[in-house]
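Please read the structure below before turning to the comments.
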Amino acid sequence: MKAKQGLAIGNPTAHAQGMQAKTSEGLEVLAAVVVTAGLVAGNLVLFSPLRVDNRVQPVPAAQTAERP
């Protein structure tokens, strides 16, 4: 039989170490996904007000020239 990733099939210690490595890799991927989602959400919340132009518009010259 072939050993998977260099671990012997009949060796419970090596199997436990392999499972621990998979678990830690899974946690690392989960943490990366959570951090990335947090950064994207933070950018969306912080910078979405910049998409709305609520600055005061200058008065057109035609309205200022019409003085009675």
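The values are calculated or read from the model by the stated rules, or taken from the named source; none is laboratory data. This is a predicted model, so every value here is computed, not measured. Accessible surface is based on the protein model in full, side chains and every heavy atom, while ligands, DNA and RNA are left aside. Shrake-Rupley method; radii C 1.70, N 1.55, O 1.52, S 1.80 Å.
Things to note:
- In this structure residue 30 has an accessible area near 100 Å², from a 1.4 Å probe over the protein heavy atoms.
- When nucleic acids and ligands are ignored and a 1.4 Å probe is applied, residue 56 ends up with an accessible area of around 140 Å².
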